[in-house]
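S.K.: Handing you a structure now.
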Amino acid sequence: MNYKVLEDYLEEIDHYLAMKEGKNEILAEIKSHILEKTENEFGKITENVLRVTIENYGNAKTIAEKYMEDYQIISPIYKKYLFLYTGLLFAVHYGLILFSAFSRYEIVFFPFFYIPIMGTASQAWFKLILYLPMTFFYDFGLICLILYFVTQYQKEIKLPWFEINLNWLIRKPEKEEKPNIYLLGLMILGLVAVLFIYLRFNTLFFLTVGSGKTALLFNPSVSRWLSLSVITIFFFEVLHYTSRFFIESPWIKLTKDGAVLIIIWSIMNLQIGDALIDFPGLNLSAIFGFIILFFSIIAAIEFLKSLIEILYSKKNAGSKTIK
Amino acid sequence: MDFDVGKFETEMNRGFLQILVLLCLEKSMYGYNMLSSISKIGYKVEENTLYPLLRRLESKGLISSKWEVSENRPKKFYKITKKGKALRKKLLKIWKTQNNIIKKFNGGK
């Protein structure tokens, strides 16, 4: 005879038991026990007395948990691997996204990644910010899935471990080279030279086309804006280097790197390709595209380095190796 | 300080219950039967603790089981295996050693 209250209870336990084998046997044993206990304690079996026995037996979730004490979704020994692998995958994945955004290439790595073309530079920057958390969650999930399979089927497998030493990335204040007055002099001379060229030609980007005549590489407004941007970046670098004679602060470097990044962002929004003059035999658009991509990557890395340095100096007491 | 004794007791019970079950199953018994026997000697075991434990011991080959119909109801009977007996012997020895150590540190009590 079937009792609804008992069948419902067993069905609930069944729902929580996430194992493939032995489920029916567990449920049959619980059923047999509850019926016998009820009969012995109450002399008869009804829905009402069964309810009392079931309440004493415990809630379905707790019962299922006790049967699954030895069952693990992801083994705890993989906790460190989960974060290391997610970090590595994220670095590669987001690197590909950055490459795709700057080169305007679509990247397909079926069935894992699909990175579409992100449009113009201003659209790409916005999308890159959106991609940041999404990429992390995706990579975290993918690594979880892999570790789940490893836990379930290959418990003895030895996963590769990588010691990642980030010291090379972080400036160590105690070993920081002191700013050099001669280098500063050279930088100031360079800045003066660049300013002189700009004031003389109204641009930094021109070609000599013979008999001392010059030709602009870009249309005048873009040329002026681009030149001023380069001069400003140069000026910030000189200013930062000068400040180091008085105070060493990662915050000043972060501010400088942030400002440089914003200037590069504004350069990317200039639509340089359309502003370039035609020059036979040279693909100026590709050359400048590559140069801007190169400097934007350098600027992004410098900004990240400054950020890591601040975080690291706050957290770091003695540990040198980040695992 | 008011400690939650229950959690410590649960931890202590884990090992104790394993020995108790291995001792009980010298003769073939089913779950309810075993609970009643343990209860008669003045010790209470929760049914939702005993059954998962039986399953774990069985999966390690320390006890065996078979379904039989008794009093018009299918019941799962358990019995200790040879491997279980060998382990029981070792566990009892460990338990006695531990008991002696506790006694010595507790002034012979």
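S.K.: Kindly indicate whether B:K66 is without any contact (Cβ under 8 Å) to a residue 40 or more places away in the chain, within 14 Å of chain A (Cβ to nearest Cβ) and in contact with a Phe, Trp or Tyr (Cβ under 9 Å, 6 or more places away or on another chain).
M.R.: yes
S.K.: Could you look through segment B:86-103, keep only residues that are under 19 Å from B:R14 (Cβ atoms) and of a type in the set (S, T, N, Q), and pick out the one that is most open to solvent (accessible area, probe 1.4 Å)?
M.R.: Checked segment B:86-103; the qualifying residue most open to solvent (accessible area, probe 1.4 Å) is B:Q98.
S.K.: Looking only at helices (runs of 4 or more DSSP H) that lie completely in segment A:219-323, which have at least 1 residues being open to solvent by 80 Å² or more (accessible area, probe 1.4 Å) and at pLDDT below 80?
M.R.: Output list reads A:272-275, A:284-315.
S.K.: Separate question: When you go through B:N106, B:N48 one by one, which is the residue that is open to solvent by less than 90 Å² (accessible area, probe 1.4 Å) and over 30 Å from A:Y9 (Cα atoms)?
M.R.: B:N106
S.K.: I would also like to ask the following. Given the conditions (1) surrounded by 15 or more Cβ atoms within 10 Å (Cβ to Cβ); (2) touching a Leu at 6+ places or on another chain (Cβ under 8 Å); (3) more than 20 Å from A:T53 (Cα to Cα), which single one is not true for B:G15?
M.R.: (1)
S.K.: Restricting segment B:69-83 to residues that are touching a residue at least 40 places away in the same chain (Cβ under 8 Å) and open to solvent by less than 50 Å² (accessible area, probe 1.4 Å), which is farthest from the other protein chains (Cβ to nearest Cβ)?
M.R.: B:I80
S.K.: Output the number of residues of segment A:27-50 satisfying the condition of being within 26 Å of B:K66 (Cβ to Cβ) and in contact with a Leu (Cβ under 7 Å, 6 or more places away or on another chain).
M.R.: 6
S.K.: Next up: Mind telling me which of the residues A:S32, A:S100 ends up being within 11 Å of another protein chain (Cβ to nearest Cβ) and either surrounded by 19 or more Cβ atoms within 10 Å (Cβ to Cβ) or within 25 Å of A:F126 (Cβ to Cβ) (or both)?
M.R.: One residue alone meets the criteria, A:S32.
S.K.: Output the residue which, of all residues in segment A:51-73 that are under 37 Å from the mean Cα position of the chain (by Cα) and among the hydrophobic types (A, V, I, L, M, F, W, C), is surrounded by the fewest Cβ atoms within 10 Å (Cβ to Cβ).
M.R.: Taking the candidates together, the pick is A:I73.
S.K.: Of the numbered conditions (1) within 18 Å of A:C144 (Cβ to Cβ); (2) within 14 Å of chain B (Cβ to nearest Cβ), A:F113 fails exactly one; give the number of that condition.
M.R.: Just one mismatch for A:F113, condition (2).
S.K.: Exactly one of (1) at pLDDT 90 or above; (2) farther than 24 Å from A:T62 by Cα; (3) surrounded by 13 or more Cβ atoms within 10 Å (Cβ to Cβ); (4) not polar (S, T, N, Q) is unmet by B:G61. Its number?
M.R.: Checking B:G61 against (1) at pLDDT 90 or above; (2) farther than 24 Å from A:T62 by Cα; (3) surrounded by 13 or more Cβ atoms within 10 Å (Cβ to Cβ); (4) not polar (S, T, N, Q), the one that fails is (3).
S.K.: State whether one or more residues within segment A:141-153 are open to solvent by 30 Å² or more (accessible area, probe 1.4 Å), within 14 Å of chain B (Cβ to nearest Cβ), more than 26 Å from the chain's Cα centre (by Cα) and farther than 30 Å from A:I264 by Cβ.
M.R.: no
S.K.: For segment B:18-34: of the residues being within 12 Å of another protein chain (Cβ to nearest Cβ) and more than 10 Å from the chain's Cα centre (by Cα), which is most open to solvent (accessible area, probe 1.4 Å)?
M.R.: Step by step, filter segment B:18-34, then rank; the result is B:N33.
S.K.: Among (1) more than 35 Å from the chain's Cα centre (by Cα); (2) open to solvent by 50 Å² or more (accessible area, probe 1.4 Å), where does A:P76 come up short?
M.R.: Among (1) more than 35 Å from the chain's Cα centre (by Cα); (2) open to solvent by 50 Å² or more (accessible area, probe 1.4 Å), A:P76 violates only (1).
S.K.: Are any residues in segment A:195-218 modelled with pLDDT under 80 and either in contact with a Ser or Thr (Cβ under 6 Å, 6 or more places away or on another chain) or open to solvent by 40 Å² or more (accessible area, probe 1.4 Å) (or both), and if so, which ones?
M.R.: Passing the criteria: A:F206, A:L207, A:T208, A:V209, A:S211, A:G212, A:K213, A:T214, A:L216.
S.K.: So which residues in segment A:36-50 are open to solvent by less than 20 Å² (accessible area, probe 1.4 Å) and within 14 Å of chain B (Cβ to nearest Cβ), if there are any at all?
M.R.: A:E36, A:T38
The values are calculated or read from the model by the stated rules, or taken from the named source; none is laboratory data. What you are looking at is a predicted structure, and each value in this text was computed from that prediction instead of being measured. With ideal geometry, Cβ positions are generated from the backbone for all residues, glycine too; neighbour counts draw on all protein chains shown. In case anyone asks, the SASA skips ligands and DNA or RNA and just uses the protein heavy atoms, side chains included. Shrake-Rupley method; radii C 1.70, N 1.55, O 1.52, S 1.80 Å.
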